[in-house]
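The values are calculated or read from the model by the stated rules, or taken from the named source; none is laboratory data. These figures come from a predicted structure and were not determined experimentally. In this analysis, Cβ positions are derived from the backbone assuming ideal geometry, glycine residues included, and neighbour counts consider all displayed protein chains.
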Amino acid sequence: MVKHNNVVPNGHFKKHWQNYVKTWFNQPARKTRRRIARQKKAVKIFPRPTSGPLRPIVQCQTLKYNMKSRAGRGFTLEELKAAGIPKKLAPTIGIAVDHRRKNRSLEGLQANVQRLKTYKAKLVIFPRRAGDSAPEELTAATQVAGQYMPIVREKPSVELVKVTDEMKSFKAYAKLRVERMNERQVGVRLKKAAEAEKEEKNKSDRIKSKLEGKKSKHKIPETKGLQLEITNEEGNEKGKDLSGAKVAGTSA
């Protein structure tokens with residue numbers, strides 16, 4: 001028996017597992033066969049590079065790998081147009097084309113355009129027509145074996161600076177806490193500011209209405225058309241509207 005709180009060994013194996021084992025005894029022969037196939041392909045596509053057509057530089061997907069660069073499927077039509085290469089000519093001179101990919105940054109577009117221009121400057125075309133390449137270039141041209149124009153990721157350089165008094169006095173933890181608090185309080189502060197603005201507007205409206213009420217209270221009413229107690233030269237009459245009469249009393 002096993003000691004302590006460990007599992008009791010009771011293996012569950014298939015009774016005829018030997019019939020399902022996959023062997024790889026021909027691995028050395030497969031390796032030789034692949035090497036011979038590569039050699040035959042290189043002879044067949046001579047003088048083209050053995051590693052295939054030129055591929056663009058693209059960024060890896062997802063947040064985990066988007067800082068890494070790798071080879072893409074093909075160049076976009078916009079990149080070919082900026083480099084001055086017709087889209088139908090590109091596959092015939094060893095440039096991969098992908099009409100589905102889109103350029104989403106100016107930096108990526110410029111990098112691939114420069115890659116195409118560099119490739120075009122180094123390219124030696126074996127002429128289908130006279131004048132495509134000079135005879136000296138044809139004799140000096142060799143087949144490129146392995147990867148050409150590799151994608152190299154630039155390593156960031158570290159800059160050394162002298163530590164100043166301002167750096168020493170800077171409180172990094174306190175600054176982070178303040179900025180986190182500011183980010184957390186954005187909604188509350190906006191709400192308070194809106195409420196204060198609303199209260200100020202209501203206050204100004206109340207003051208304005210009070211001032212208008214005072215003006216209307218002290219306004220002198222017109223005597224024309226009012227039913228007043230008046231005195232005429234001929235006698236006292238009530239409830240008459242007479243123009244040119246002398247007012248005996250004052251209206252409230």
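Values for this structure:
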item: Residue within region 8-26 that is aliphatic (A, V, I, L, M) and either touching an Asp or Glu at 6+ places or on another chain (Cβ under 9 Å) or not assigned by the TED database to the domain that holds K102 (or both) present; result: yes
item: Which listed residue, of P135, P150, is closer than 28 Å to R38 by Cα and free of Cβ contacts under 8 Å to residues at least 40 places away in the same chain; result: P150
item: Set K81, K155, K68, K87: member being surrounded by 14 or more Cβ atoms within 10 Å (Cβ to Cβ) and farther than 28 Å from A37 by Cβ; result: K87
item: Residue that is assigned by the TED database to the domain that holds A37, without any contact (Cβ under 8 Å) to a residue 60 or more places away in the chain and of a type in the set (A, V, I, L, M), where the choices are A71, A121; result: A121
item: K88 being under 28 Å from K41 (Cα atoms) and either free of Cβ contacts under 8 Å to residues at least 24 places away in the same chain or among the polar types (S, T, N, Q) (or both); result: yes
item: Any hit, region 194-214, residues being in a helix (DSSP H, G or I), in the same structural domain as L89 (by the TED database), hydrophobic (A, V, I, L, M, F, W, C) and modelled with pLDDT of 90 or more; result: no
item: Residue check, V188 modelled with pLDDT of 95 or more and either more than 30 Å from L89 (Cα to Cα) or in a helix (DSSP H, G or I) (or both); result: yes
item: Residue in region 46-64 that is surrounded by the most Cβ atoms within 10 Å (Cβ to Cβ), counting only those that are over 22 Å from D98 (Cα atoms) and without any contact (Cβ under 8 Å) to a residue 60 or more places away in the chain; result: K64
item: Residue count, region 86-130 (criterion: among the β-branched types (V, I, T) and closer than 12 Å to L54 by Cα); result: 5
item: Filtered residues of region 90-118 (kept if surrounded by 18 or more Cβ atoms within 10 Å (Cβ to Cβ) and closer than 27 Å to Q143 by Cα); result: A90, I95, V97, N112, V113, R115, L116
item: Scan of region 49-88 for residues that are over 19 Å from the mean Cα position of the chain (by Cα) and either among the small types (G, A, S) or at positive phi (or both), ordered by number; result: S51, G52, A71, G72, G74, A82, A83, G84
